[in-house]
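Visitor: Sharing a structure here in structure tokens format.
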Amino acid sequence: MPIVRTGFTPEDLELKKWNTPKREGGMAPDGYEPYPKMLYRAIRLQTGKIVCLEENPDTMQPYNGTNILAHSDAELGELLNRGWRKTPPEAHQYFEQQEIDKATAGAEVNAAALRMGGKAQAELARKQGKQAPEHVTE
């Protein structure tokens, strides 16, 4: 059975308030409002999977650290400089590019290690470790 809206119940009055523009005394925006704006970041889970918008199956919420709100132009600029992106595909692409850059830097370190002396190679091997999960780029 459908719900009949008479316009006079407390629920109807609340709906009317949220559907009325601010210029008429309601809560709805008068037009396009650019903020708050959602930004995205891709992350790698412990399982190795890269996620951005996917939900955590345990909590049914997006993974922590994959989205954030910007409330002004200044905050938007700061977040974009820190690696956040405007769309999920951009976030995935940025993450992949960061991984490629790390791998390239690691390969350059290994190539330079071939020309190092014995002590320098031993120090690099200690720094890299046998079980290093990330590339050593220094």
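Visitor: Modelled label-to-label distance, Y94 and L80, 7 Å Cα→beta-carbon offset: nm?
Guide: Simple spin-label model gives 1.0 nm for this pair.
Visitor: Calculate, in nm to one decimal, what E123 and N67 gain on full extension: separation in residues at 0.36 nm each, minus their alpha carbon distance.
Guide: 16.2 nm
Visitor: Let me ask something additional. For the pair Q46 and A103, what calculated FRET efficiency results from E = 1/(1 + (r/R0)^6), where r is the Cβ-Cβ distance and R0 = 25 Å, to the nearest 0.05? If you can, show how the numbers build up before the last one.
Guide: Numbers: r = 20 Å, r/R0 = 0.78.
Efficiency, rounded to the nearest 0.05: 0.80.
Visitor: Tell me the net charge near Y63. Cut-off is 13 Å between Cβ atoms, Y63 excluded, with +1 for each Lys or Arg and -1 for each Asp or Glu. Please report the intermediate quantities before stating the final value.
Guide: Values: positive: R41, R44, K49; negative: E54, E55, D58.
Counting the neighbours of Y63, the net charge comes to 0.
Visitor: Something else about it: Can you tally the lysine pairs in the chain where the Cα-Cα distance is under 25 Å and the two residues are eight or more apart, or on different chains?
Guide: Close lysine pairs under the 25 Å cut-off: 12.
Laboratory data are not the source of any read-out in this text; all were calculated from the coordinates shown. Owing to the predicted nature of the structure, the values given are computational and were not obtained by experimental measurement. As a convention, Cβ positions derive from the backbone with ideal geometry for all residues, glycine included, and neighbour counts pool all protein chains shown.
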